[in-house]
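**Student:** I am attaching a structure below and will ask some questions about it afterwards.
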Amino acid sequence: MTGDMPDDRVLEEVARAAVLLFAQDAALFLVPTLVVAVVVGLIQTIFSVNENSLSFLPKLATLVAVLGIAGGAVMQGLGDFMTGGLLDIVGAIR
C-alpha cells in the first residue's frame, strides 16, 4: 500500500482499507437481498399472504446465488487485502 508513511499512518490506512472492504462486501450481499425482500413483501401484501416461508426462502436463494456468483471474487479480494495489509503492518512494526 504505502512505503514512506509513519507507523501510525500505515496502520490508519490499513484500518480504513479494511472498513471499505467490509462495506463493499457486505453491500454486495445485502443490496440484492433487500431488493428481493421488498419485492416479496409487496407481493405478499398485494395478495394478502402471510406465510413466513414465502418471505424466507427467496432471500435465502438470493444469498446462495450471490455467493455462487461473486463468492470467489470476494474471497480473492479478502486474500489480497490480508496479504498486503499484513505485510504493511509488519513493515510498520519493524
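The rows are residues; the columns are (1) surrounded by fewer than 15 Cβ atoms within 10 Å (Cβ to Cβ); (2) over 27 Å from residue 92 (Cβ atoms).
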{"residue": "7", "(1), (2)": "yes, no"}
{"residue": "12", "(1), (2)": "yes, no"}
{"residue": "15", "(1), (2)": "yes, no"}
{"residue": "20", "(1), (2)": "yes, no"}
{"residue": "34", "(1), (2)": "yes, yes"}
{"residue": "43", "(1), (2)": "yes, yes"}
{"residue": "46", "(1), (2)": "yes, yes"}
{"residue": "55", "(1), (2)": "no, yes"}
{"residue": "60", "(1), (2)": "yes, yes"}
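**Student:** Being touching a Ser or Thr at 6+ places or on another chain (Cβ under 9 Å) and at pLDDT below 95 is the filter; apply it to the stretch 34-57 and report the residue that is nearest to residue 14 (Cα to Cα).
**Tutor:** 37
**Student:** Taking the stated definitions as given, is residue 74 within 30 Å of residue 19 (Cβ to Cβ), at pLDDT 90 or above and exposed (fewer than 11 other Cβ atoms within 10 Å of the Cβ)?
**Tutor:** Against the criterion (within 30 Å of residue 19 (Cβ to Cβ), at pLDDT 90 or above and exposed (fewer than 11 other Cβ atoms within 10 Å of the Cβ)), residue 74 does not qualify.
**Student:** Considering 65, 15, which residue is modelled with pLDDT of 90 or more and either part of a helix (DSSP H, G or I) or touching a Leu at 6+ places or on another chain (Cβ under 7 Å) (or both)? Steps first, please.
**Tutor:** On the way: 15 fails: modelled with pLDDT of 90 or more.
Answer to the check: 65.
The values are calculated or read from the model by the stated rules, or taken from the named source; none is laboratory data. For clarity, every value in this text was computed on a predicted model and none was experimentally measured. Cβ: placed from backbone, ideal geometry, glycine included. Neighbour counts: every protein chain shown.
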